[in-house]
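Have a look at the structure below, then the notes.
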Amino acid sequence: MSSLRGKNVLITGGTTGIGFETARAFLAASANVIVTGANPERVASAERSLGANCAGIVSDNASPAANRELSKACEARFGHLDVIVANAGVCKASNIHDVTEAAFDHEMDINFKGTLFLIQACLPLLRPGSVILMTTSVNDVKGIPGQLVYSATKAAMRSMVRTLAAELAPRKIRVNGVAPGPIDTPIFDKALPIPEEAAAMKALEAKFGVMDRIGKPEEVAAAFVFLAGEQAGFITGIDLPVAGGWGDV
């Protein structure tokens, strides 16, 4: 029997890509799931697709006030949380020559600030044995031209994983990151709206690892499910790459 059966799981940014597949994987492990997203239509679609044990909540991860309201909604539905998957994020192209203050704030607010205040808001719902997981990126240890702000937000999240793992260990709460490499999700199409450019970028990034392909969202989801379960009970503070060897060999 799955160690996640009956566990209550919150997944931010759970309407598409990695977040959606992670929700599906937790549901397959008999967990109860809440997914969030900023787009009401995508939230409603995800809720319908994922089924009866999944609730969708519209929430803006960039807003600390919205994260406090999200915590109240989780408490009203579940009473407590066992797993938080802080997955909501945005990736925009940026470099030192043309990044603007507004673009910097937008990416930092969603990826780093939002994640920090999400966790702060939900901490009262976590009991001993709970798990906090974050979607970081292999960019947190690599220098990627054109990914200046995004990489910085993920490096900040990687640091937060280490710090919270130490701070929350006395409460018996584990904290880990999952660091995807290039994964075949809608993020390519959002960053590169021209289909030919998105396809070319996927082909290019497939060459960065040693497996000569980009990853699948369900492969990242499997890492989250592993780290949330009892089999990972002695693992905290890590940043697990799911990147096909990109930067590892």
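Match the structure shown to one of the listed values [x] 0.95; [y] 1.40; [z] 1.00 of Cα Rg over 2.2 N^0.38 Å, computed from it, and give that label.
Answer label, from the structure shown: [x].
Quick one: net charge of Lys216's neighbours, Cβ under 13 Å, K/R +1, D/E -1?
Around Lys216, the charge tally is -1.
Quick one: angle between helix 64-78 and the longest Cα principal axis of the chain, in degrees between 0 and 90, rounded to 10, please.
Here the helix axis deviates by roughly 40 degrees.
Using the Cα centre of the range 103-231 as the reference point, and only Cβ charges (+1 on K/R, -1 on D/E), how large is the resulting charge dipole? Debye, rounded to the nearest 20.
In total the dipole reaches around 580 debye.
Hey, if you put +1 on the Cβ of every Lys and Arg and -1 on every Asp and Glu Cβ in the chain, which of Pro170, Gly215, Leu123 ends up farthest toward the positive end of that dipole?
Farthest along the dipole direction, towards plus: Pro170.
For Thr100, what charge total do you get from the other residues with a beta carbon under 12 Å from its beta carbon, if Lys and Arg give +1 and Asp and Glu give -1?
It works out to a net charge of -3.
Run the dipole for the range 1-96 about the Cα centre, Lys and Arg Cβ at +1, Asp and Glu Cβ at -1, nothing else charged, and hand back the magnitude in debye, nearest 20. Intermediate values should be presented prior to the final figure.
Details: 9 positive and 7 negative charges, 21 e Å.
The dipole of the range 1-96 has a size of about 100 debye.
In the chain, what percent of the accessible surface is made up of carbon and sulfur (1.4 Å probe, ligands and nucleic acids excluded)?
57
Once you wrap a convex hull around the alpha carbon atoms of the range 1-139, what is its projected area averaged over all directions, in nm²? Numbers along the way, then the final one.
Working: hull surface 35.7 nm².
That works out to 8.9 nm², a quarter of the Cα hull's surface.
What accessible area per residue comes out for the chain, rounded to a whole number of Å², with a 1.4 Å probe?
47
How much accessible surface area, in Å² rounded to 10, belongs to the heavy atoms of Met108 with a 1.4 Å probe?
Surface open to solvent at Met108 totals about 40 Å².
Work out the length of the dipole vector of the chain about its Cα centre, built from +1 on the beta-carbon of each Lys and Arg and -1 on the beta-carbon of each Asp and Glu, and round it to the nearest 20 debye. Before the final figure, lay out each step's value.
On the way: 23 positive and 25 negative charges, 170 e Å.
That gives the chain a dipole magnitude of about 820 debye.
Please give the net charge around Ile235, taking every other residue with its beta carbon less than 14 angstrom from that of Ile235, where Lys and Arg add +1 and Asp and Glu add -1.
It works out to a net charge of +1.
With only alpha-carbon pairs counted, each pair once and no self-pairs, how large is the Kirkwood hydrodynamic radius of the range 60-172 in angstroms?
Computed over the range 60-172, the radius equals 14.8 Å.
Ranked by accessible surface with a 1.4 Å probe, highest first, in what order do Lys142, Lys92 come?
Solvent-accessible surface, decreasing: Lys92, Lys142.
Quick one: ranking Lys172, Lys154 by accessible area, 1.4 Å probe, largest first, what do you get?
So the residues, ranked largest to smallest area, are Lys172, Lys154.
Nearest 0.05, what FRET efficiency do Ala102 and His80 give at R0 = 41 Å with Cβ-Cβ as r?
0.60
The values are calculated or read from the model by the stated rules, or taken from the named source; none is laboratory data. Every value quoted in this text rests on a predicted model; they were computed, and no experiment measured them. Please note: Cβ atoms are built from the backbone with ideal geometry, for glycine as well, and neighbour counts cover all protein chains shown. Accessible surface areas use protein heavy atoms only, side chains included; no ligands, DNA or RNA. Shrake-Rupley method; radii C 1.70, N 1.55, O 1.52, S 1.80 Å.
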